[in-house]
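Step one of this worksheet: look at the structure below.
The values are calculated or read from the model by the stated rules, or taken from the named source; none is laboratory data. Here the structure is a predicted model, which means the values were calculated and not measured. Here Cβ is always computed from backbone atoms with ideal geometry, including for glycine, and neighbour counts include all displayed protein chains.
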Amino acid sequence: MSIAFDAVSVRLAGAELVHDLNVKAEEGEVLGFVGPNGSGKSTALRCVYRALRPSGGAVLLDGTDLAVLDPRTSARSIAAVPQESGNDLDFTVAEVVELGRFPHHRGNRPMTAEERAVRDEAMLRADVAHLADRGVLSLSGGERQRVVLARAFAQRPRVLVLDEPTNHLDIHHQLQLLRQLRAESLTVLIAMHDLNLAAATCDRLAVLARGTVLHLGPPAEVLTPEVINEAFGVTPSVVHHPRTGVPQLHYDI
Ligand SMILES: Nc1ncnc2c1ncn2[C@@H]1O[C@H](COP(=O)(O)OP(=O)(O)OP(=O)(O)O)[C@@H](O)[C@H]1O
């Protein structure tokens, strides 16, 4: 499924946080959102997983305005790994991951064996199966992040929205997640601060600044010293990965 921001703007507390946002992730594409702090990445993504409603324009799921879909319907297609999960109840890991099945349920039926298998597979994929019976409040930051990821996998979405999903993960789990995202036929919207990992992961990057897209294109086109300087006010040296050819940025400290 595709996701498009069609002239999206977001006003909150009298400020325009996002404006004139026009970008479309095609089915199966990994689209990265990069940009300085406060540039509107999270605000834009929150409109896709419906934590925020655009004040102008629309977010389109395969051409349909999300605003006309009931939340449970869109949640069958769109899963999110937000920056903060807001989960401060001491559920077990298995219980939190089960919540991912909620949009697919009718009423309060107990989980079927098939549903449990989906949950268990999601826990394995996010490497939290060994934590299934632990309370989430007792987990480390990275473990908790992987539980939220498992919940999103359990949702079996067509579109996955991830806001800085690697910020608590060790390098092993960062690479595991980013490889998984590339291997799936999911449409992925991902906000990232690590531009080198973004270059290796994303088909295209949207560079945001001051609430709108400054540049959009494949990593090799947008990760140039000029664009990085324009967006972040620092000038990197750009080299290319010796095996993959992906652009990688280095900085003088
Ligand atoms: N609820 C709110 N009310 C007022 N301003 C807000 C609100 N939420 C976000 N903002 C402001 O909107 C701007 C964009 O925030 P957003 O979180 O989208 O940026 P970001 O690009 O994700 O930043 P970061 O890289 O720091 O995570 C920021 O200046 C932020 O302070």
Filter result (away from the ligand (no atom under 16 Å from the Cβ), surrounded by 14 or more Cβ atoms within 10 Å (Cβ to Cβ) and among the hydrophobic types (A, V, I, L, M, F, W, C)) within the range 52-73: Ala58, Leu60, Leu61, Leu66, Leu69
Restricting the range 26-51 to residues that are among the aliphatic types (A, V, I, L, M) and at pLDDT 95 or above, the residue that is surrounded by the fewest Cβ atoms within 10 Å (Cβ to Cβ): Leu31
Residue match in the range 128-147 (condition: aliphatic (A, V, I, L, M), touching a Leu at 6+ places or on another chain (Cβ under 6 Å) and closer than 21 Å to Leu45 by Cβ): no
Residues (within 6 Å of the ligand (Cβ to nearest atom), within 12 Å of Gly211 (Cβ to Cβ) and not in a strand (DSSP E or B)) located in the range 5-44: Gly35, Gly38, Ser39, Gly40, Lys41, Ser42, Thr43
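Return yes or no: is Glu98 of a type in the set (D, E, K, R), over 21 Å from Gln145 (Cβ atoms) and buried (at least 16 other Cβ atoms within 10 Å of the Cβ)?
No, not satisfied.
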Residue that is in contact with a Cys (Cβ under 6 Å, 6 or more places away or on another chain) and in contact (Cβ under 8 Å) with a residue 24 or more places away in the chain, where the choices are Val59, Val81, Val97, Val23: Val59
Those residues of the range 210-245 which are crowded, with 17+ Cβ neighbours inside 10 Å, in contact (Cβ under 8 Å) with a residue 60 or more places away in the chain and over 17 Å from Lys24 (Cα atoms), in sequence order: Ala231, Phe232
Test: residue in the range 85-106 that is within 16 Å of the ligand (Cβ to nearest atom) and within 15 Å of the chain's Cα centre (by Cα): yes
Residue in the range 136-156 that is under 13 Å from the mean Cα position of the chain (by Cα) and hydroxyl-bearing (Ser, Thr, Tyr) present: no
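Taking the residues in the range 113-158 that are among the polar types (S, T, N, Q) and buried (at least 16 other Cβ atoms within 10 Å of the Cβ) as candidates, determine which candidate is nearest to Glu29 (Cα to Cα). Even if it seems obvious, please write down each step before you answer.
Keep residues of the range 113-158 that are among the polar types (S, T, N, Q), which gives 138, 140, 145, 155.
Filter once more, so that each one left must be buried (at least 16 other Cβ atoms within 10 Å of the Cβ): 145, 155.
Values: Gln145: 23, Gln155: 19 Å.
Per the stated criteria, the residue is Gln155.
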Residue check for Ala79: at pLDDT 95 or above, in contact with a Pro (Cβ under 8 Å, 6 or more places away or on another chain), of a type in the set (Gly, Ala, Ser) and buried (at least 19 other Cβ atoms within 10 Å of the Cβ): yes
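Tell me which residues, restricted to the range 68-83, are assigned to a helix (DSSP H, G or I) and either under 18 Å from Val96 (Cβ atoms) or basic (Lys, Arg) (or both). Walk me through it before giving the result.
If we filter the range 68-83 for residues that are assigned to a helix (DSSP H, G or I), which is where we start, we get 68, 71-77.
Across the range 68-83, the qualifying residues are Arg72, Ala75, Arg76.
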Subset of the range 186-227 [of a type in the set (Ser, Thr, Tyr) and under 15 Å from the mean Cα position of the chain (by Cα)]: Thr187, Thr201
Among the residues listed as Ile253, Ile228, the single one being within 16 Å of the ligand (Cβ to nearest atom), more than 18 Å from Leu45 (Cβ to Cβ) and not in a strand (DSSP E or B): Ile228
